[in-house]
Amino acid sequence: MQNRSWRIAALLCFAALTAQRAAAPLAAEEAPPAQTDPAPGHSWHGEAFDNGPRQAARIMGGTGNVRFPATTQQPEVQAFIDQGVGQLHGFWYFEAERSFRQAAALDPDCAIAYWGMAMANANNADRARGFMEAAFKRREQASPREQLYIDALHEYRKKDDNEEGRGRDRDRDRRKALVKAYERIIDAHPEDLEAKAFLVGLLWDNHGSGLPITAYFPVDALLKEVFRENPEHPAHHYRIHLWDYENPTRALEAAAACGPAAPAIAHMWHMPGHIYSRLNRYPDACWQQEASARVDHAHMERDRILPDQIHNYAHNNEWLVRNLVYVGRAADALRMSQGLIANPQHPGFNTASGDGSFRFGRRRLCDVLSEFELWDAAMRLAESPWLPPTDREDEQVRRLRLLGRARFRSGDFTAGCAILTELKQRQNEVRHEQQTAADKALAEAAEAGKKEEERKQAAEAARNQFNGRLADLDPAVSELAGYVHRAARAWDDAQKSFDAAGKFDKGFLARFQLERGDVEGAVNAARADVGGSENQVLPRAALVEILWAAGRRDEARAEFETLRPLASDIDPTTPVFARLAGIARELDWPDDWRLPPLPREDIGPRPDLATLGPYVWRPPVSPDWSLPDADGRPHALADAAGRPVVALFSLGASCLHCNEQLKTFAAAAPRFQQAGLSVVVISVDPVENIALSVRDWRQDATLPEGDLPLTLLSDQPLDAFRAFRCFDDFEQRPLHGTFLIDSRRRLRWMDIGPEPFMDAEFLLQESQRLLSLPLESLEEPAAPSVPSTPAPGPVAAGE
């Protein structure tokens, strides 16, 4: 009886979906025969189409002045093709794919739209290959020019039987062939600016794949041809990459033009930051990277995109933090670091172990707190959700090292020693594991009859597996041990420990030389730091302080004069700058001794940053719903009454994976409830089928007794599915979705795709983490509280 009820539910749901499909036929392509119907949530067109953006595109404007003629009778299709090509030039691959998918939805026979989808998957060969197969099927319907593009990329993406064996050599051969293919397009169509731009982009990209650029000026000449015809072409992006490491001064014109050429694309604002950073023009670099962050955040909030779904987002924002440190903007650097930490983690693109924004945020937060000597803030944040203990050893060692540094240098010797003891214990445990592994490898090699040299090599290989862990632990222990020796005025021992600690806080190390009586060593160390950190304010502030304390007041004044215009944006209340206040008073300078920056005339037009978007990612507002439960009673999101909600969008009883998800989350429901979270399931099934599901749950002996511990709602019209974007607009099909909605109706976490999200334990832990973070503290920049600062002079033991 139980199996029969599930079968009935499945048949009813299948009938409902079939009726829906008949009422709303696929736009992108005629559906394949019924026997090849895809699984719920999957695309009609194959695996490549399962992922990526599956919601409708819109004409954005501001994506670049490009023209890429396509074979289509529909002007709207041409507009989306042009938009997609502009987005490709700006490396906005996520939205480029969306634009090309929209073009294909409007004109399924537009072959170049599928080529564009493949181009947008430059970093995903399998998906790109799938899209190129779709493009090649339609090749004969394209113009001869479009066929050249399709043939070129099809050959580049073709998978060879012996591809695995050839590896890097095969990649280079493919790249060389693609260069030749672009040259053939240019030869046949010299008016095609996009081919020239794509060729330059490829030549630059090849540079990192074993095919170096041997002559930069001929490549630049090709770009000049583009700009002669179209000065506002987004190929300014490629010119920046071309000259970035070779001669950045030659890209200053492109740096000024890049953002305005495609102002809707965040990465186009980011790119000038490369050049300004390379030229030590850090305020300009900060402006560009902040503009990029704000444009990204505005787009993400509007279209409900998680930050790390944009592949170059974390790169921009962590670099922005580094540049903010260089110009002394402590509060802004802290706020951006915390904003990165507050971004949702996701197993697919932002994990604690990957290169996503969360990991960068933790690391940059540690850097900012240390560079600006914000010891009170460091200790406070380490006991908060912003920088809690972690199971990742490398990150926990980094956290403990920061905490130990903060304790010792704020004078809390006892607490500092306790952290040193903890780190030493970790170090000893790893060394014990290392020795045990080496002994085991040696014994196994001996038992296998290996020669003595081979035995040694086996033991060494086993020992080397622990080098990465010790590379974090050994310097941390050495640094904290140095503070112990320093407190005892055992200067030589302290010096040895600090030397073994690697590169850290050069300003402190220079002041330590002064403290131990080596005035010349202190001055030389500080000058060397300034020489290697041109236009950075922290090294020069340390030099001013050391020169003044050493009695070299004329030299101190000269360096201070150089610092003043560089320090126009600093946070003067932070300890490192507050210590200069007494010097400024003795020089009869005003309390605010900063000077305006030197004017620049080569930066191009710049909008007001505040108009571009929010400084940190802001969770978008959740849509509401009003849906019936199994008894027909309506439920709305507003009924949660300030309680956070986890919403699962289910494709019903016919979806086996949705049933698995339902059981997984039902089993975890008590722990969600204990954490203050309600779990709601919104299903495509009609109310009568939901009632069957609830009844079958009660009768299934393999499931927990009692009522289904989740609220099950019906959305047969799919209104909520559409509102939450759990819907493929191109194929008119519902998608799986999982959301965390906080008590203020903000979407804090989401997953939409062809498969339901199954990791209930991850979502529970991530929900608790996200909900513990006080986002309100990020809404307005605020300098952290800092301790009162002693008068400048030689640093006392224990600082």
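The values are calculated or read from the model by the stated rules, or taken from the named source; none is laboratory data. Source: prediction; values computed, not measured. Ideal geometry is used to build each Cβ from the backbone, glycine not excepted, and the neighbour counts take in all protein chains shown. In case anyone asks, the SASA skips ligands and DNA or RNA and just uses the protein heavy atoms, side chains included. Shrake-Rupley method; radii C 1.70, N 1.55, O 1.52, S 1.80 Å.
Extending 7 Å from the Cα toward the beta-carbon at both Arg746 and Ala215 defines two label points whose distance is 5.6 nm. Summing Lys and Arg as +1 and Asp and Glu as -1 over all other residues whose Cβ lies under 12 Å from the Cβ of Ala567 gives a net charge of -1. Specify whether the C-alpha gyration tensor of segment 374-420 places it in the rounded, prolate or oblate class, a ≥ b ≥ c being the square roots of the eigenvalues: rounded for a/c under 1.5, otherwise prolate if a/b is larger than b/c and oblate if not. Cα axes put segment 374-420 in the oblate bin. Between helix 216-229 and the chain there is an angle of about 60 degrees, using the helix long axis and the longest principal axis of the Cα atoms.
Charges on Cβ only, +1 for Lys and Arg, -1 for Asp and Glu, centred on the Cα centroid of the chain; of Leu747, Gln73, Gly130, which one is farthest towards the dipole's positive end? Farthest along the dipole direction, towards plus: Leu747. Entry note, the chain: the mean residue ellipticity at 222 nm calculated from DSSP H runs of n ≥ 4, each adding -39500 (n - 2.57), is -18000 deg cm²/dmol after division by the residues and rounding to the nearest 500.
With the charge dipole of segment 566-711 set up from +1 on Lys and Arg Cβ and -1 on Asp and Glu Cβ about the Cα centre, the Cα lying farthest toward the positive end among the listed residues Ser568, Ala675, Ala638 is that of Ala675. Compared with the dominant Cα axis of the chain, that is its longest principal axis, helix 506-515 is turned about 20°.
Extension gain for Asn65-Arg392 works out to 113.1 nm (0.36 nm per residue, less the C-alpha to C-alpha distance). Using Cβ point charges alone (K and R +1, D and E -1), the dipole size of segment 357-462 about the Cα centre works out to roughly 340 debye. For segment 349-449, the carbon plus sulfur part of the accessible surface works out to 47%, probe radius 1.4 Å. For segment 413-462, the equivalent ellipsoid built from the Cα gyration tensor has semi-axes of 36, 8, 5 Å, listed from largest to smallest. Taking 0.36 nm per residue of sequence separation and removing the Cα-Cα distance, the Arg170/Gln73 pair yields an extension gain of 31.0 nm. Pairs exceeding a 20 Å alpha-carbon distance, out of Lys137/Lys176; Lys176/Lys224; Lys158/Lys180; Lys424/Lys456; Lys176/Lys196: Lys137/Lys176; Lys176/Lys224; Lys424/Lys456. Full extension of the chain between Glu601 and Arg184 gives 146.1 nm of extra length, using 0.36 nm per residue less the Cα-Cα distance.
Note on Phe413: accessible area is roughly 90 Å² with a 1.4 Å probe, heavy atoms of protein only. Applying the Karplus relation 6.51 cos²θ - 1.76 cosθ + 1.60 with θ = phi - 60° to segment 240-250 yields 3J(HN,Hα) values of 5, 4, 4, 9, 3, 9, 8, 7, x, 4, 6 Hz, where x marks Gly and Pro. In segment 143-301, taking the dipole from charged Cβ atoms about the Cα centre, the farthest positive-side position among Ala188, Leu153, Ser209 is held by Ser209. Counting only heavy atoms of the protein chains and using a 1.4 Å probe, Trp593 has close to 10 Å² of accessible surface. Accessible surface area normalised per residue over the chain is 42 Å², counting heavy atoms of protein chains with a 1.4 Å rolling probe. Using Cβ point charges alone (K and R +1, D and E -1), the dipole size of segment 569-702 about the Cα centre works out to roughly 400 debye.
Taking a ≥ b ≥ c as the square roots of the eigenvalues of the alpha-carbon gyration tensor, segment 376-484 is classed prolate because a/c is 1.5 or more and a/b outweighs b/c. Taking the Cα centre of the chain as reference, the dipole from Cβ charges on Lys and Arg (+1) and Asp and Glu (-1) amounts to some 760 debye.
When both bridge partners sit in the chain, DSSP labels roughly 65% of those beta bridges antiparallel. By the gyration tensor of its Cα atoms, with a ≥ b ≥ c the square roots of the eigenvalues, what is the shape of segment 618-688: rounded for a/c under 1.5, prolate for a/b over b/c, or oblate? Oblate shape, in that a/c is at least 1.5 and b/c is the bigger or equal ratio. Just to confirm the number: angle between the C-alpha axis of helix 656-674 and the first principal axis of the chain, 0 to 90 degrees, nearest 10? Here the helix axis deviates by roughly 50 degrees.
Take each peptide in 586-592, 111-117, count the other Cβ atoms within 10 Å of every residue, and average; sorted highest first, the result is 111-117, 586-592. Highest mean packing comes first when the peptides 121-129, 39-47 are listed by Cβ atoms within 10 Å, giving 39-47, 121-129.
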